[in-house]
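> After the structure tokens below, expect a handful of questions from me.
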Amino acid sequence: MGHAYTPGLKVTEKLLVTKKRILPLKGEVLVKVGDKVTPDTVVARTNLPGNVEPINIANILGLPPEDVPEHMLRKEGEKVKENEVIARSKTFFGLFSSECKSKSEGTIESISSITGQVLIRGNPIPVEIKAYLEGEVVEVFPKEGVSVSTWGSFIQGIFGIGGETHGELKIVTRDNTEVLTDSLIDKECAGKVIVGGSLVTSPAIKKAVSVGAKGIAIGGFDDKDLREFLGYDLGVAITGSEELGITLVVTEGFGQINMAERTFELLKSKQGKMACINGATQIRAGVIRPEVVIPFAGDIHQKIETEVFENVGLQIGSPIRVIREPYFGKLGEVVGLPSPLQKLESESSARVLEVEFADKKRAIIPRANVEMLEE
């Protein structure tokens, strides 16, 4: 067997990156093909329907449901303000009256003579989609969104939290092995995407938030610190919607793991450049990886220059990362791909590969225990 498929991470200095920017509902596209955009450029917008608030008029006014419509002061489709009287009934020969007020601003959507309830639809919620990247609009989907392309350095991570943001890259550790502590973060990190080494501590993340940093790219992160920072245990759902004031991209895994040297050196070579990062992660079906994109100038139409990264599988010389113990987190190169199944210590049989690590030591590892890296 010449090669076998294995999941891979991209870490490359030059890649044509294209992102679709799609509205949750149909709306208005604000740009056209060929337009230059920045991360903060609004490319499309729409309005989401407001929340519905039911009001039981019959109970509040003490009326039979069928009498509610004639006591309404506002009709279906009419706008109402918060605390505005929308229904009134008179009692005791008209000497006294009872009123019902709207709890929020919106539009009366329905008045029911069966349930005695009125539904008030809140004002539409505006939604804007930004370009996220600095690049060019290459495709427009009418009333839905656009695709934006740019040449850039591209780094995929293992895990992340927080949504899309951007800022200038700032290296704050000496190398890829140093722990990112709060003492390395100061006011100069405001608005920056901070790059550290092997681990970021919980106090460091909190300080980064307090000084106004945009994001952190780091090799490892302790799961206990993650729980402390989030305030809850993270399940298997998609991350990226957390409103924590910062975006975190972990490139290697949980625990103190040195950021891959070539990843650190790539980020270091781009210090001072703008980086667009997104911590969104999904580890189950439909895998979503967190990412760091560092855009740079280039003709996006010269697709012939695009680096090819297809799922062609493992080959001799393929760079890989081990994702299971006892070599978890180590980087190496494939030096052998034996075809026959081999018996493992667990007594099960599986296809394996031979890997050579940076220290020239070799090991036999199940192919399912590695992921491929792009050079």
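> So GLU310 fits all but one of (1) touching a strand residue (DSSP E or B) at 6+ places or on another chain (Cβ under 8 Å); (2) modelled with pLDDT under 80; (3) acidic (Asp, Glu); what number is the exception?
With respect to (1) touching a strand residue (DSSP E or B) at 6+ places or on another chain (Cβ under 8 Å); (2) modelled with pLDDT under 80; (3) acidic (Asp, Glu), GLU310 is out only on (1).
> Of the numbered conditions (1) among the small types (Gly, Ala, Ser); (2) within 22 Å of GLY191 (Cα to Cα); (3) surrounded by fewer than 16 Cβ atoms within 10 Å (Cβ to Cβ), GLY255 satisfies every one except a single condition; which is it?
Single failed check for GLY255: (2).
> State all residues of segment 353-367 that are free of Cβ contacts under 8 Å to residues at least 60 places away in the same chain and more than 13 Å from TYR327 (Cβ to Cβ); if no residue qualifies, say none.
LYS360, the sole residue that qualifies.
> I would also like to ask the following. Look through segment 345-358, keep the residues that are in a loop (DSSP other than H, G, I, E, B) and either acidic (Asp, Glu) or exposed (fewer than 14 other Cβ atoms within 10 Å of the Cβ) (or both), and return whichever of them is nearest to the chain's Cα centre (by Cα).
Going residue by residue through segment 345-358, those that are in a loop (DSSP other than H, G, I, E, B) are 345-348, 351, 358.
Going one step further and asking which of them are either acidic (Asp, Glu) or exposed (fewer than 14 other Cβ atoms within 10 Å of the Cβ) (or both), we end up with 345-348, 358.
Details: GLU345: 38, SER346: 37, GLU347: 40, SER348: 37, ALA358: 32 Å.
Only one residue tops the list, namely ALA358.
> Is it the case that segment 142-157 has a residue that's hydroxyl-bearing (Ser, Thr, Tyr) and in the same structural domain as LYS268 (by TED's automatic domain parsing)? Can you show your working first?
Taking segment 142-157 first, the residues hydroxyl-bearing (Ser, Thr, Tyr) are 147, 149-150, 153.
With the extra rule that they be in the same structural domain as LYS268 (by TED's automatic domain parsing), the set shrinks to none.
Looking for residues that are hydroxyl-bearing (Ser, Thr, Tyr) and in the same structural domain as LYS268 (by TED's automatic domain parsing), one finds none in segment 142-157, hence no.
> Only one residue in GLY152, GLY122, GLY106, GLY116 is under 30 Å from GLU13 (Cα atoms) and among the small types (Gly, Ala, Ser). Which one? Before the answer, list the steps.
On the way: GLY122 fails: under 30 Å from GLU13 (Cα atoms); GLY106 fails: under 30 Å from GLU13 (Cα atoms); GLY116 fails: under 30 Å from GLU13 (Cα atoms).
Of GLY152, GLY122, GLY106, GLY116, the one residue that is under 30 Å from GLU13 (Cα atoms) and among the small types (Gly, Ala, Ser) is GLY152.
> Within segment 121-137, work out how many residues are part of a strand (DSSP E or B) and either under 20 Å from VAL31 (Cα atoms) or of a type in the set (Ser, Thr, Tyr) (or both). Step through it out loud before you land on a result.
As a first pass, look at segment 121-137 and keep what is part of a strand (DSSP E or B): 121-122, 125-130, 135-137.
Then keep just the ones that are either under 20 Å from VAL31 (Cα atoms) or of a type in the set (Ser, Thr, Tyr) (or both); that gives 126-130, 135-137.
Matching residues across segment 121-137 total 8.
> Can you name the condition, by its number, that GLY50 falls short on among (1) in a loop (DSSP other than H, G, I, E, B); (2) more than 30 Å from LYS32 (Cα to Cα); (3) not polar (S, T, N, Q)?
(2)
> Run down LEU266, LEU230, LEU248, LEU234 and say which single residue is under 19 Å from PHE154 (Cα atoms) and under 19 Å from the mean Cα position of the chain (by Cα).
On the way: LEU266 fails: under 19 Å from the mean Cα position of the chain (by Cα); LEU230 fails: under 19 Å from PHE154 (Cα atoms); LEU234 fails: under 19 Å from PHE154 (Cα atoms).
Matching residue, one of LEU266, LEU230, LEU248, LEU234: LEU248.
> Taking VAL118, is it assigned by TED's automatic domain parsing to the domain that holds GLU66, assigned to a strand (DSSP E or B), within 43 Å of the chain's Cα centre (by Cα) and in contact (Cβ under 8 Å) with a residue 40 or more places away in the chain? Walk me through it before giving the result.
On the way: assigned by TED's automatic domain parsing to the domain that holds GLU66: yes; assigned to a strand (DSSP E or B): yes; within 43 Å of the chain's Cα centre (by Cα): yes; in contact (Cβ under 8 Å) with a residue 40 or more places away in the chain: yes.
Yes.
> Going by the structure shown, is GLU371 assigned to a strand (DSSP E or B), at pLDDT below 90 and either surrounded by fewer than 16 Cβ atoms within 10 Å (Cβ to Cβ) or not hydrophobic (A, V, I, L, M, F, W, C) (or both)? Write out each step before concluding.
On the way: assigned to a strand (DSSP E or B): yes; at pLDDT below 90: yes; either surrounded by fewer than 16 Cβ atoms within 10 Å (Cβ to Cβ) or not hydrophobic (A, V, I, L, M, F, W, C) (or both): yes.
Spelling it out, GLU371 is indeed assigned to a strand (DSSP E or B), at pLDDT below 90 and either surrounded by fewer than 16 Cβ atoms within 10 Å (Cβ to Cβ) or not hydrophobic (A, V, I, L, M, F, W, C) (or both).
The values are calculated or read from the model by the stated rules, or taken from the named source; none is laboratory data. Please read all numbers here as calculations on a predicted model, not as lab measurements. Reconstructed Cβ throughout: ideal geometry from the backbone, glycine too, with neighbour counts over all protein chains shown.
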